[in-house]
Amino acid sequence: EEQSTQPIQDHVEMGFSGTNGDPDFDDLIERLVNTDYYPDLFADAFVDAQITEARMQSALAQFVRSIQSFDSKFDAGLAAVGGVNINQDFPNFSAQENLGKRLFLDAPPNGGAGCAGCHRIPEFDIAPNSLNNGVIGVAGNPAGVDLTNTRSPSLRDLVRADGSSNGPFMHDGSFISLMEVIEHYDQIPVDAANTNLDPRLSGPPGSPGNQALNLSDTEKEALVAFLQTLSGDAVYTHAKWSDPFVD
């Protein structure tokens, strides 16, 4: 809820900061009050027409929570094996996609890439206890170091319905393609400035350096193919997420 109105009050983003000559949040509320539709919409949602930041936060947060994509090729495959037998090959997957799924699920000691150790299935969100992933840059500041960006959105819908990328990836936008992401996890760079690397990405006990999966090109391509199966069409086409100002 708190995060939902922070961009609104940021000078660089939506500009209702009350600083640098910007209007403040009260000015925004006044604009909403003076529309011919927002008071009615607030009354529908909250019994009366009063518009407050707390109510805006509740409405925005509920809308964002509604945006969940579960119509992907992966979801169809999981349903086809009974919804629970995730380790079984999916009948709607290609051999390459099933290989990528096994690599995603299996831990490195078992020949996999261990992705599921941090990205929890079926949401593919990040485990809340995760530390940083070896990317410590700052967007727009090549010399900067940031060890605090440890949260990740879901891995679902990394590509659009037409197969094109929704990148750039990582918090600093440093990777353009999914293959670059896989290359990063295949060989986690050693950086003395990184004092917060997740231990799941360090090398085996007693060995120097960080994670080195030594994936083959075939395995890397299979992981990319599997990640592409996590994208659906609904988030791009369902009417409930469409522009409410377009008939």
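Taking helices (runs of 4 or more DSSP H) as the structural unit, those lying wholly within segment 47-105 and holding at least 2 residues that are hydrophobic (A, V, I, L, M, F, W, C), open to solvent by less than 80 Å² (accessible area, probe 1.4 Å) and out of contact with any helix residue (DSSP H, G or I) (no Cβ under 7 Å at 6 or more places or on another chain) correspond to 73-80.
Of note, residue 191 satisfies the criterion of being in contact (Cβ under 8 Å) with a residue 40 or more places away in the chain, surrounded by 13 or more Cβ atoms within 10 Å (Cβ to Cβ), assigned to a loop (DSSP other than H, G, I, E, B) and more than 21 Å from the chain's Cα centre (by Cα).
Pairing residues of segment 108-131 that are assigned to a loop (DSSP other than H, G, I, E, B) with residues that are of a type in the set (Asp, Glu) and open to solvent by 20 Å² or more (accessible area, probe 1.4 Å), at Cβ distances under 6 Å and at least 6 apart in sequence or on separate chains, gives 112/106.
Return yes or no: is residue 161 at pLDDT below 90, in contact with a helix residue (DSSP H, G or I) (Cβ under 7 Å, 6 or more places away or on another chain) and open to solvent by 40 Å² or more (accessible area, probe 1.4 Å)? Against the criterion (at pLDDT below 90, in contact with a helix residue (DSSP H, G or I) (Cβ under 7 Å, 6 or more places away or on another chain) and open to solvent by 40 Å² or more (accessible area, probe 1.4 Å)), residue 161 qualifies. Taking the listed residues 16, 70, the one that is under 29 Å from the mean Cα position of the chain (by Cα), under 30 Å from residue 122 (Cβ atoms) and of a type outside the set (Lys, Arg) is 70, with no other qualifying. Look at (1) out of contact with any strand residue (DSSP E or B) (no Cβ under 7 Å at 6 or more places or on another chain); (2) in a loop (DSSP other than H, G, I, E, B) and you find that residue 224 fails only one, number (2). Only one entry in 215, 230 is assigned to a loop (DSSP other than H, G, I, E, B), touching a Leu at 6+ places or on another chain (Cβ under 7 Å), open to solvent by less than 90 Å² (accessible area, probe 1.4 Å) and in contact (Cβ under 8 Å) with a residue 24 or more places away in the chain, namely 230.
Checking the condition open to solvent by less than 70 Å² (accessible area, probe 1.4 Å) and touching an Asp or Glu at 6+ places or on another chain (Cβ under 9 Å), which residue from 173, 117, 140, 167 passes? Just one listed residue meets the conditions, 167. Residue 182 fulfils the conditions (1) over 16 Å from the mean Cα position of the chain (by Cα); (2) assigned to a helix (DSSP H, G or I) except for a single criterion, (1).
The values are calculated or read from the model by the stated rules, or taken from the named source; none is laboratory data. Owing to the predicted nature of the structure, the values given are computational and were not obtained by experimental measurement. Positions of Cβ are backbone-derived with ideal geometry, glycine not excepted, and every protein chain shown enters the neighbour counts. When the accessible area is computed, the model is the full protein with side chains, heavy atoms only, and any ligands, DNA or RNA have been set aside. Shrake-Rupley method; radii C 1.70, N 1.55, O 1.52, S 1.80 Å.
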